[in-house]
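Encoded as structure tokens, the structure appears first; notes follow it.
The values are calculated or read from the model by the stated rules, or taken from the named source; none is laboratory data. It should be emphasised that the depicted structure is a prediction, and the values quoted were computed from it without experimental measurement. We place every Cβ from the backbone using ideal geometry, glycine too, and count neighbours over all the protein chains shown. Side chains included, ligands, DNA and RNA excluded: accessible areas come from the protein's heavy atoms. Shrake-Rupley method; radii C 1.70, N 1.55, O 1.52, S 1.80 Å.
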Amino acid sequence: MEVTIEGKAYIDGDFVDCCIGIVDGRISAIKKILKGDRYYNFGSKLILPAGIDIHVHFRDPGMTYKEDFSTGSLAAAFGGVSCVFDMPNTIPQTTSLQTLSDKIVSANKKAYVDFGIYVGVTDSNVENIEELTEKCSGFKIYLGSTTNSLQLDENNLKQTFKRINSASKPILIHAEDNKCLNGHKMWENNLVDHLHSRPAECEEIAIKSILKMSRNYLNRRIHICHLSSCEGLELLKNRSKNISVGVTPHHLLLNIEKNLKPQALYKVNPPVRTSFDRDALFEGIRNGFVDILESDHAPHTLEDKAGEFSSAPSGHPGVETVFPLFLSLAKKGKLSFQRLISLFCENPANLLGVSKGRIEVGRDADFVVVDIKEDCRINSENLHSKCGWSPFEGWPALFPTCVFVRGEKLIEEHEIQVKQGFGRFVGE
Ligand code: DOR
Ligand code: ZN
């Protein structure tokens with residue numbers, strides 16, 4: 001055995017005292033007693049599968065003053081995330097074989113954690129989807145416009161479903177209807193205006209058209225990103241098995257009635273809604289109705305967010321804080337560890353088809369070690385995103401003390417142990 005890790009590990013739904021053997025970066029055995037060339041004993045600390053964040057915007061290429069693949073993936077590593085999936089709204093947008101392979105080559109040199117890359121489907125590349133399918137991790141579709149987003153009309157949505165004729169790559173959808181958004185456009189002075197300009201009705205319309213369309217394509221894997229309203233939740237209650245639902249920490253923890261300041265920092269699409277929506281979504285993660293927790297890490301600098309509310313870009317960072325926030329909530333019993341691990345490890349691994357997300361023989365040896373007594377508060381001075389701030393400043397959190405990726409120690413006692421380029425592309 002090359003490496004053996006001993007501790008209280010989450011195996012098959014329970015924490016058990018055991019040893020995990022690792023060979024060539026994969027879990028090779030799980031037993032009461034094992035010997036290894038390198039041996040780590042974590043005593044009573046918890047060993048969980050590392051997180052998988054299926055929704056990040058690392059801004060590389062084109063907006064690297066906000067974030068780049070190295071800072072974004074370093075933030076992921078410190079947050080206990082061993083694998084991220086990057087969105088296509090970069091400059092240039094990831095919509096062709098060339099832009100996709102350029103992004104993979106560049107990210108391979110910079111990444112601290114493993115990664116996948118989505119291709120965006122637009123009205124102009126919908127004809128070429130077949131050739132992109134093999135190489136990308138999945139497809140992203142924007143039904144409504146948002147920061148540097150890619151447009152696809154309803155007719156071409158049908159084309160997309162038709163053309164992605166293998167069930168092997170998922171289609172992720174930003175579900176806000178563009179016509180509806182255009183009908184509510186107004187001058188925005190604050191978060192309430194922003195909410196009114198992107199009402200739940202736009203989410204409902206988009207979800208209805210996805211549900212209608214997907215009835216004929218039951219073997220396509222469809223993921224609805226960042227569900228934000230209880231109306232949307234209601235519509236998805238009887239969805240077919242091929243449709244999964246994701247929610248973000250901000251839609252689960254924030255609400256418009258809170259005194260969110262400065263307001264521009266909390267401007268995000270879809271918007272933060274009412275406490276009623278927030279509570280319904282939170283109940284959804286507790287009862288298993290929601291499948292995936294995704295950060296929608298969308299960093300913008302404080303300079304970008306300064307000035308007029310109306311011109312501030314939407315989005316905020318989240319990849320480093322998502323797991324620590326919810327580990328802290330799990331410790332307090334607000335959500336079970338079982339549910340959290342399904343939402344942020346197991347279900348993301350299933351959706352993207354990666355051999356991670358569970359402590360199981362044959363899977364990648366990606367773990368986080370958590371000392372349940374090491375509570376802290378989020379302090380943006382200690383975070384690693386280039387943007388330098390967090391919408392969850394001061395919130396209680398439990399950061400992992402140690403992170404393993406493919407059996408290598410990535411973080412030890414809150415210090416990075418590997419170099420840029422350690423992360424590998426997992427898409428193909
Ligand atoms: O608020 C958002 N920001 N929503 C999105 O869909 C895109 C994101 C970004 O890239 O900034
Ligand atoms: Zn996003």
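Summary table below
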read-out	value
Selected residue (only one of G144, G72, G138 is surrounded by 24 or more Cβ atoms within 10 Å (Cβ to Cβ) and either of a type in the set (G, A, S) or within 14 Å of the chain's Cα centre (by Cα) (or both))	G72
Flag for R198 being charged (D, E, K, R), open to solvent by 10 Å² or more (accessible area, probe 1.4 Å) and touching a residue at least 60 places away in the same chain (Cβ under 8 Å)	yes
Test set (1) within 16 Å of ligand 1 (Cβ to nearest atom); (2) in a strand (DSSP E or B); (3) among the hydrophobic types (A, V, I, L, M, F, W, C); (4) open to solvent by 10 Å² or more (accessible area, probe 1.4 Å) - F85 fails condition number	(4)
Residue that is over 21 Å from L343 (Cα atoms), touching a residue at least 24 places away in the same chain (Cβ under 8 Å) and open to solvent by 20 Å² or more (accessible area, probe 1.4 Å), where the choices are I210, I205	I205
Hey, E188 modelled with pLDDT of 90 or more, open to solvent by less than 20 Å² (accessible area, probe 1.4 Å) and acidic (D, E) or not	no
Top-ranked residue in region 147-170 [being open to solvent by 40 Å² or more (accessible area, probe 1.4 Å) and in a helix (DSSP H, G or I); ranked as nearest to E203 (Cα to Cα)]	E154
Pair list, Cβ under 9 Å, 6 or more apart: region 38-66 residue within 16 Å of ligand 1 (Cβ to nearest atom) and open to solvent by less than 50 Å² (accessible area, probe 1.4 Å), other residue part of a strand (DSSP E or B) and among the small types (G, A, S)	I54/G116; I54/G138; I54/G246; H55/G246
Residue in region 114-135 that is surrounded by 19 or more Cβ atoms within 10 Å (Cβ to Cβ), away from ligand 2 (no atom under 16 Å from the Cβ), assigned to a loop (DSSP other than H, G, I, E, B) and in contact (Cβ under 8 Å) with a residue 40 or more places away in the chain present	no
Condition check for I117: hydrophobic (A, V, I, L, M, F, W, C), under 19 Å from R221 (Cα atoms) and at pLDDT 95 or above	yes
G51 being of a type outside the set (V, I, T) and more than 20 Å from I341 (Cβ to Cβ)	no
